[in-house]
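Below is one structure, written out as C-alpha cells, with a few remarks after it.
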Amino acid sequence: MNAYKERCNLRLNNVLIWIGLFSSLSISLYWILWNVIPSLVQTFSPDSPQFAQYVAYQNSFLMADTWLAVSALLGAVGLNRRKAWGLLFMVIGASSAIFLGLMDLIFDLQHGVFDCLSAAAATEGAIVLTLLSVGPLAIVLSWMQGTRCFGVYEAVCEQDVKVFRPAESDRKTHGSWALQ
C-alpha cells in the first residue's frame, strides 16, 4: 500500500473511482426509471409512430448497459483497493460507454431525435454527450494512472522490445523487423 501511495496519483485514483461509481449508478437509475416511470426517460411518447421500434431498441440494451455498469463498478472497487484489475475494468467500462454512446447517437440521427429542440432531445443529447466524453476521459486517465502505479506502459514497451527485434540478416537486406 505504501509503494502504491508513493507511485500513484491518489487524486487521479479518486477521480476514476468517482467516474466508475457515477457511471454505474447513472445506468442503474436509468433502468429503474425506464421500468417504473418511463415517461421521465423515454425519448418518444407512446402515441408516436416510432414508439414500438424505439422501445424494442432500448430494451435490447439492458444486458450491454448492465455490462457497462458492472465493469465500471468493478473498476471503482478495484481502484479503491489499489488493485491493477481496477484499471482493467475501468477501461472495459469506458470502452463500453463509447460503444453505447455511438449506438445511441446513430439511432438518434437516423430517427430524427434531434430534428426539433425538446426536453427529450436535450436529455438524449446529454446522455450521448456524457457517454462519448466520459468514456474516452476514463480511458486516458486509466492509462495515465496505470503508467504511474503499475508501470503498464513500460511493461508493454519492454515486451515489444524483447519480442520484436530486427533480425540482423533482415535489417541488412530488407530493413524490416522479425519476430524472434
* Taking the Cβ-Cβ separation of Phe51 and Arg148 as r and a Förster radius of 41 Å, what is the calculated FRET efficiency to the nearest 0.05? -> 0.25
* To do: Apply 1/(1 + (r/R0)^6) to the Cβ-Cβ distance of Leu109 and Asn9, taking R0 = 45 Å, and write down the FRET efficiency to the nearest 0.05.
  => 0.75
* Full-stretch length increase - Leu25, Thr130 - with 0.36 nm per residue and alpha-carbon distance subtracted -> 36.4 nm
* Asked: How high is the FRET efficiency from Asn35 to Ser118, r the C-beta distance, R0 30 Å, rounded to 0.05?
  -> 0.85
* What fraction, in whole percent, of alpha-carbon pairs in the range 2-149 exceed 20 Å separation? -> 49 percent
* **Note, ³J(HN,Hα) from phi for the range 123-140, Karplus 6.51, -1.76, 1.60, rounded to Hz, x at Gly and Pro** => 5, 5, x, 5, 5, 4, 4, 5, 4, 7, 10, 6, x, x, 4, 5, 5, 4
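Since every read-out is calculated from the coordinates, none of them should be taken as a lab result. All values reported here derive from a predicted model rather than from experimental measurement. Don't worry about glycine lacking a Cβ; one is built from the backbone with ideal geometry, like all the others, and counts go over all protein chains shown.
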